[in-house]
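Here the structure comes first, spelled out in structure tokens, and everything after it is commentary.
The values are calculated or read from the model by the stated rules, or taken from the named source; none is laboratory data. Keep in mind it's a predicted model, so treat the numbers as computed, not measured. Note: ideal-geometry Cβ built from the backbone for every residue, glycine included; neighbour counts use all protein chains shown. Please note that ligands, DNA and RNA were not included when accessible areas were found on the heavy atoms of the full protein model with its side chains. Shrake-Rupley method; radii C 1.70, N 1.55, O 1.52, S 1.80 Å.
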Amino acid sequence: MKKQWFTCGTLLVISAAAPAQSSVTVFGVMDVSARYARNASGSLATVASGGNATSRFGVRGEENLGGGLIAGFWLESTVLGDNGGAVFWERRALASLAGPFGELRFGRDYTPAYRAFGASDPFGYLGVGALANGFNARSTTAIARAFGTNPTTVTRSNNSLQYLTPGGLNGFYSHVMIAPSEGSTGADGAYKNLGGRAGYAAGALDFSVYAETTKIAATGANFKQVGAAGFYNFGALKLSASVTRSEYLTSQHKNFLIGAIYSLGNSQFKASYSKVKQQGKNAAGASIDADGANAYALGYVYNLSKRTALYGTAARMVNSGKASYTVLGVPAGPTTSPSSAFELGIRHNF
Amino acid sequence: MKKQWFTCGTLLVISAAAPAQSSVTVFGVMDVSARYARNASGSLATVASGGNATSRFGVRGEENLGGGLIAGFWLESTVLGDNGGAVFWERRALASLAGPFGELRFGRDYTPAYRAFGASDPFGYLGVGALANGFNARSTTAIARAFGTNPTTVTRSNNSLQYLTPGGLNGFYSHVMIAPSEGSTGADGAYKNLGGRAGYAAGALDFSVYAETTKIAATGANFKQVGAAGFYNFGALKLSASVTRSEYLTSQHKNFLIGAIYSLGNSQFKASYSKVKQQGKNAAGASIDADGANAYALGYVYNLSKRTALYGTAARMVNSGKASYTVLGVPAGPTTSPSSAFELGIRHNF
Amino acid sequence: MKKQWFTCGTLLVISAAAPAQSSVTVFGVMDVSARYARNASGSLATVASGGNATSRFGVRGEENLGGGLIAGFWLESTVLGDNGGAVFWERRALASLAGPFGELRFGRDYTPAYRAFGASDPFGYLGVGALANGFNARSTTAIARAFGTNPTTVTRSNNSLQYLTPGGLNGFYSHVMIAPSEGSTGADGAYKNLGGRAGYAAGALDFSVYAETTKIAATGANFKQVGAAGFYNFGALKLSASVTRSEYLTSQHKNFLIGAIYSLGNSQFKASYSKVKQQGKNAAGASIDADGANAYALGYVYNLSKRTALYGTAARMVNSGKASYTVLGVPAGPTTSPSSAFELGIRHNF
């Protein structure tokens, strides 16, 4: 294990691998890439943040209270590694109490559904090849109709209370989240969230099903997601798959993904194929049954150490019908056209 | 003393109780509660931050310069533990120099008046039962007329210079703060602040009087506060009381509080009674002499450790005349009605 | 060497001067001053942040990857020490990879030109006597026409890729930066930046020349800077000088500086003379050949320790023609008048 010192100013603190019963951890990721993307509008070169892992800054900790009880907290915010932007602490902000009964969490956290389908993506739901490209709100889909351009509760929820089952249930696990509507249409009032996930993880297999309902205050209607996701480790090869159905008013879409990660020494090879299939009608009442997209992504990661990696990712997304999905980073314009992107980056964990 | 390790990433730093002459401390609180409040408009369930202690993230430190001189700094910001929001470093941001002469502070800090009346509240001026409910600007009071909905300099002041007396003055202490108007109506220009506090603390007693004047740039008029606050420790029982008179233009109000904290093992029992009495005329020239409110709060805190606690608080506030004070967390609506609230939370210090 | 402990909450972490191969550092500066400035409009007293060094909070680190390779990151944000404001992480946000080949940086950082002319200012490009007073955009200069009131890429650039030469080139060094335009007029799209610096540093001498071009998306025109800067250490006396020519559309200006720092025990005496000379025409087509300014600054710093200092700075700036440069902190008004300012502050590094 490599040693790492925590220092203040130019003066050093001795580090060592001690058994920690209580701890506070300052942690983060800086991940910056050079990205090139093109569609029918032309091409765009950018310097981007978070092609391999979201750049972030956080503080987390736990305290062993005795009797099997553990109190904890987690504060984590995105860093825009390319331009220094930050939104504190929008990734996670929670207090927790864990024990033989399981774990209770209070605050902002990932939804149970996202924990399942996000984990199925070999590209971690980010970068040019992300499964997120088929979930994003830039197209006139159920997600776009429900959330506009910021599909916030698709990945995280404010004001949530959560329960997660403890280990030792013969591999079965479950996770439920509830977040009240806070009575207005502001950031905390717009969405009332209820979601759950049930799964089985043992040996090489991890599989779960999930469902989530978000009541949108502006319309009173519910955005609904159901799905299943899992992965299996064949030694150096990890295969994953997920299918998620999203519905809001008259629009539905299904997102399919199959992915693979092959590890060889310090190298990782990644591939994914994902598909979106829309159904129903758009807000104007026209059929969207012919709309959808296919996306392909290939990636390579070279780990310089456990903390630092260089990576490259290539991705392509092709629409059918009038769908307008794109890979990340393309110029604005006729987004029903196919789009492609490539990025090269460096990721450093601290 | 429990041990706590500071870690970076997944690697650990040995901790110990060493005599620190110079230090930098990363610290914080995560406090999240489930809150239920109702008034004549109905009820509202929310997940809230800071029911027992304000959720926060901070860095502070000091350096022993020799000769009795100590340089220090303090940066502290609120964390909205329920949704991850943050406003850096709006709680405190200061540099300081302390010595046998006392302490000088430069930057943003609590006002001398708030240090006295805020400390008299068993509920720490926050949560559903806070003394703050009678100071807030939601009612058409002197504070609301002076500051609108954000009574900023009632608790803290930007751009302040402060002097605090040293210890060893036979229990007597004093604290003065001055903050210049910075010449515009922006955040730093709107308020010119001058305040002071003088007190006596010895044995079980701490008592002080305070006065503060804030010149409001928009009108040129002064918002004025005078008051007295104190507490006395009868062993396990701590009693506190305060009275503060606020005045702006034709409106005045007095805020009274008596409070108690009883400690028994890991438990704390809290109670407070507070009263607001308005006087004079509102902005429209109508008498507000009949307006006021009575508020009651009961609380229980169970300390799972020195750092972690579970707590519950219940509060009720009843208006007289046309006053519209409420406990925290109620739905919008006819706020002259009585209001009640209850919250259950977890608080973790780091 | 003074010892410093890093602590969490009230518990301590042992510190020591250990040889760090990998480290993460939490660091910062709190610098607050009382400032008095006047011009023909009157005078203004303020409490200000960053008179001697920019108040800041940051986290940085590096990891030795072996084979001479070092991965690193740097996150740094300004703290407004007087009122607690902050903009994360707008000072620097980058990932880096260094080795025998030199150093690559990805993210937000200082421009090569600023590294040279900024370092030539004895006052660190900040406070009432800063060289920045002659670069700021409050006057109708090339910089103001190109950037409005926020001359962002004059000091830093978003989305940059950089290469810095390694040591051991017989004292010669070079540094190039490129930042793509990101295809819109937003914060990241408005500016396409290309800059470089070449210099020689050996013994007491450091000298470099630099050039930078920023393509402004709004007009398609280029803002251009070229210059030379350097310093020489005569034992306790350090002399510095720089000249920078800035050009945009029909407006040009040259900024000259000569500066000195004399160190005596714990004291530092500072002085600078700077001059701005405009050329060409303003946006209305009128000649600006007669416009310019002369600025004088004197400073004293008393180091209470390596980390803490008290300081005072006095500055005066006198315009010629219709130029409207001012020292920092003056009231709004007839800015063609001469302006003067004085500040007294405390700076604490952590």
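Okay, here's what the table says:
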quantity: Some residue of segment A:283-304 being under 30 Å from C:PHE73 (Cα atoms), touching a helix residue (DSSP H, G or I) at 6+ places or on another chain (Cβ under 8 Å), outside any strand (DSSP E or B) and open to solvent by less than 50 Å² (accessible area, probe 1.4 Å); calculated: no
quantity: Conditions (1) crowded, with 19+ Cβ neighbours inside 10 Å; (2) out of contact with any helix residue (DSSP H, G or I) (no Cβ under 7 Å at 6 or more places or on another chain); (3) in contact (Cβ under 8 Å) with a residue 40 or more places away in the chain: number failed by C:SER274; calculated: (2)
quantity: Residue selected from segment A:315-333 under the condition surrounded by fewer than 17 Cβ atoms within 10 Å (Cβ to Cβ) and not charged (D, E, K, R), by the criterion nearest to A:LEU249 (Cα to Cα); calculated: A:GLY321
quantity: Any hit, segment A:181-204, residues being part of a loop (DSSP other than H, G, I, E, B), open to solvent by 70 Å² or more (accessible area, probe 1.4 Å), touching a helix residue (DSSP H, G or I) at 6+ places or on another chain (Cβ under 7 Å) and not aromatic (Phe, Trp, Tyr); calculated: no
quantity: Members of segment B:26-38 that are more than 7 Å from chain A (Cβ to nearest Cβ), in contact with a Leu (Cβ under 9 Å, 6 or more places away or on another chain) and open to solvent by 10 Å² or more (accessible area, probe 1.4 Å); calculated: B:ARG35, B:TYR36, B:ARG38
quantity: Residue within segment B:103-116 that is surrounded by fewer than 20 Cβ atoms within 10 Å (Cβ to Cβ), touching a Pro at 6+ places or on another chain (Cβ under 9 Å) and more than 8 Å from every other protein chain (Cβ to nearest Cβ) present; calculated: yes
quantity: Residue, nearest to A:VAL59 (Cα to Cα), within segment B:320-348, restricted to residues that are within 9 Å of chain A (Cβ to nearest Cβ) and not in a loop (DSSP other than H, G, I, E, B); calculated: B:HIS348
quantity: Residue satisfying all of: in segment A:222-242; open to solvent by less than 20 Å² (accessible area, probe 1.4 Å) and touching a Phe, Trp or Tyr at 6+ places or on another chain (Cβ under 7 Å); nearest to A:PRO122 (Cα to Cα) among these; calculated: A:SER240
quantity: Any chance C:ALA309 is within 14 Å of chain B (Cβ to nearest Cβ) and small (Gly, Ala, Ser); calculated: yes
quantity: Count of residues meeting criterion [of a type in the set (S, T, N, Q), free of Cβ contacts under 8 Å to residues at least 60 places away in the same chain and in a strand (DSSP E or B)] in segment C:243-269; calculated: 3
quantity: Test: residue in segment A:59-66 that is more than 22 Å from B:GLY51 (Cβ to Cβ), without any contact (Cβ under 8 Å) to a residue 24 or more places away in the chain, more than 11 Å from chain C (Cβ to nearest Cβ) and out of contact with any strand residue (DSSP E or B) (no Cβ under 8 Å at 6 or more places or on another chain); calculated: yes
quantity: Residue within segment B:10-25 that is surrounded by fewer than 20 Cβ atoms within 10 Å (Cβ to Cβ), within 9 Å of chain A (Cβ to nearest Cβ) and either at pLDDT 95 or above or not in a strand (DSSP E or B) (or both) present; calculated: yes
quantity: B:ALA130 vs. criteria of a type outside the set (Asp, Glu), at pLDDT 95 or above and out of contact with any Ser or Thr (no Cβ under 8 Å at 6 or more places or on another chain); calculated: yes
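Matching residues to (1) open to solvent by 20 Å² or more (accessible area, probe 1.4 Å); (2) in a loop (DSSP other than H, G, I, E, B); (3) within 25 Å of A:LYS254 (Cα to Cα):
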{"residue": "A:ARG145", "(1), (2), (3)": "yes, no, yes"}
{"residue": "A:TYR163", "(1), (2), (3)": "yes, no, no"}
{"residue": "A:LYS215", "(1), (2), (3)": "yes, no, yes"}
{"residue": "A:GLY220", "(1), (2), (3)": "yes, yes, yes"}
